[in-house]
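Read through the structure below, which is laid out as structure tokens, and then see the notes.
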Amino acid sequence: MGVEAEPVALPRHRSPLLARHGAVAAAGPDAGVAWHYGDPTAEQRALARGGAVVDQSHVGVVTVTGPDRLTWLHSLTSQDVQALPPRTSTELLVLDPHGRVEHAAGVVDDGTTTWLLTETAPALAAWLDRMRFMLRVEVADVTDAWAALAEPVDAEGAAGEPVTWRDPWPRTAPGGTRYGADDDAHPGADRRWRLVLVPRERLVEEVRARETAGWPLVGTWASEALRVEAWRPRRSHEVDDRTIPHELDWLRTAVHLHKGCYRGQETVARVHNLGRPPRRLVMLHLDGSGHLLPDVGAPVRLPGAAAPTAGGADEAAAGREVGRVTSVARHHELGPIALAVVKRSVPEDAVLLVDCDGGAVAGGQEVVVRGDGVTPDRPAARGPLTRGLGQHPMLGGA
């Protein structure tokens with residue numbers, strides 16, 4: 001079972017902050033900004049304490065204007081945004097007809113314009129533009145004009161302040177539901193994260209203003225470690241061509257279960273009401289004693305007779321492959337951690353093996369999406385079910 005994310009277009013801009021002394025460029029979906037500036041552990045601690053700024057100028061920005069913008073977006077996407085108040089943040093997904101995730105975007109409206117912050121700006125803007133028909137809306141990819149700065153602040157932007165998107169994760173939104181921990185018990189409950197949009201030509205100036213106030217500039221090593229700790233899914237990492245939002249616990253913040261019809265809604269409702277997601281997101285605490293760290297996409301296995309070695313091993317000896325690593329980080333307190341998508345049937349208490357260059361490492365699970373695949377508000381069965389219904393392959397059985 002592969003969990004290989006679709007290719008994400010490289011950013012159109014190389015951040016001027018990469019010219020800083022000690023800056024090390026990030027790679028992959030974060031190319032264009034800094035991975036760190038010379039001391040990733042200190043940077044991560046500063047961000048965790050709530051006093052740092054992160055260059056996120058590689059994030060795409062799409063705007064939708066016109067009087068029909070909110071009702072139009074409401075009809076196309078997974079979120080209820082038809083009456084979204086100004087300066088109120090949410091997030092949405094664009095699903096394909098089978099309910100699989102195509103795009104994800106943070107959403108905030110300033111009263112005249114809806115701003116979408118996304119990792120797939122060109123493709124999302126192009127798709128939205130094709131869906132305008134005769135409605136009074138205009139779509140623009142404005143990534144060339146606007147850059148995002150991340151702050152560990154749990155507050156919406158106020159009137160007169162720049163456009164600001166406050167990450168709603170992991171608070172279960174009205175109309176949403178959860179496959180994992182209660183909001184208050186969720187490890188992401190203490191994570192504060194918002195993106196502030198600034199004119200791209202003022203990026204360096206805006207960072208210097210925050211540094212003057214005592215906030216150091218930190219890289220994506222720090223922000224990614226805290227994201228993985230918070231079990232926060234990311235479009236460029238956790239999503240492949242089969243992903244449905246239930247598998248990532250994304251019904252918490254990005255899906256409204258009681259809104260009107262939209263593309264992919266049938267799958268969302270069927271899996272929630274009758275079925276079970278075929279896969280589930282887990283966080284893995286990796287054994288760091290051997291100093292091995294897996295790559296994104298590395299196979300995750302149930303232990304077999306023997307672990308894989310540097311020279312390789314046959315599948316029977318290595319153990320059965322049950323998933324793939326989607327994100328990897330070195331946390332300043334937890335050590336090496338990862339997110340992975342595995343088959344729902346994998347026992348929740350199983351210690352898994354993750355393939356690395358040079359061997360394999362053990363990974364203890366933290367359950368993000370429960371193995372029973374049922375939410376607390378799943379409708380009760382109205383009568384006896386046909387034998388095996390809960391495991392029907394069309395309804396998400398493993």
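Going by what's in this entry, would residue 289 be described as hydroxyl-bearing (Ser, Thr, Tyr), closer than 21 Å to residue 360 by Cα and out of contact with any strand residue (DSSP E or B) (no Cβ under 7 Å at 6 or more places or on another chain)?
The answer is yes for residue 289.
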- Test result for residue 177, of a type in the set (Ser, Thr, Tyr), more than 23 Å from residue 257 (Cα to Cα) and within 19 Å of the chain's Cα centre (by Cα): no
- Query: How many residues are in a loop (DSSP other than H, G, I, E, B), open to solvent by 30 Å² or more (accessible area, probe 1.4 Å) and at pLDDT 95 or above when one looks only at segment 259-273?
  - Reply: 1
- Note on the structure: Contact list, first residue from segment 24-45 and closer than 15 Å to residue 215 by Cβ, second anywhere and among the small types (Gly, Ala, Ser) and not in a loop (DSSP other than H, G, I, E, B), beta-carbon distance below 6 Å, six or more apart or interchain, is 43/222; 44/222; 44/225
- Query: residue 228 passes all but one of (1) under 14 Å from residue 93 (Cα atoms); (2) out of contact with any Lys or Arg (no Cβ under 7 Å at 6 or more places or on another chain); which number fails?
  - Reply: (1)
- Message: Looking at (1) at pLDDT below 95; (2) open to solvent by 30 Å² or more (accessible area, probe 1.4 Å); (3) in contact with a strand residue (DSSP E or B) (Cβ under 6 Å, 6 or more places away or on another chain), which one does residue 393 not meet, given that it meets all the others?
- Response: (3)
- Tally, over segment 329-381, of residues that are assigned to a loop (DSSP other than H, G, I, E, B), open to solvent by less than 10 Å² (accessible area, probe 1.4 Å) and hydrophobic (A, V, I, L, M, F, W, C): 3
- Query: Considering only residues of segment 66-112 that are of a type in the set (Val, Ile, Thr) and in contact (Cβ under 8 Å) with a residue 60 or more places away in the chain, which is most open to solvent (accessible area, probe 1.4 Å)?
  - Reply: 88
- Odd one out for residue 306, checked against (1) in contact with a helix residue (DSSP H, G or I) (Cβ under 9 Å, 6 or more places away or on another chain); (2) modelled with pLDDT of 95 or more; (3) more than 30 Å from residue 39 (Cα to Cα): (2)
- Query: If residue 132 passes every condition in (1) on the phi < 0 side of the Ramachandran plot; (2) at pLDDT 95 or above but one, which one does it miss?
  - Reply: (2)
- Conditions (1) out of contact with any Gly (no Cβ under 9 Å at 6 or more places or on another chain); (2) within 25 Å of residue 216 (Cα to Cα) -> residue 13 fails only (1)
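The values are calculated or read from the model by the stated rules, or taken from the named source; none is laboratory data. Computed from a predicted model, the values in this text were never measured in an experiment. Note that we place each Cβ from the backbone using ideal geometry, even for glycine, and neighbour counts take in every protein chain shown. Heads up: the accessible areas ignore ligands, DNA and RNA and are worked out on the full protein's heavy atoms, side chains in. Shrake-Rupley method; radii C 1.70, N 1.55, O 1.52, S 1.80 Å.
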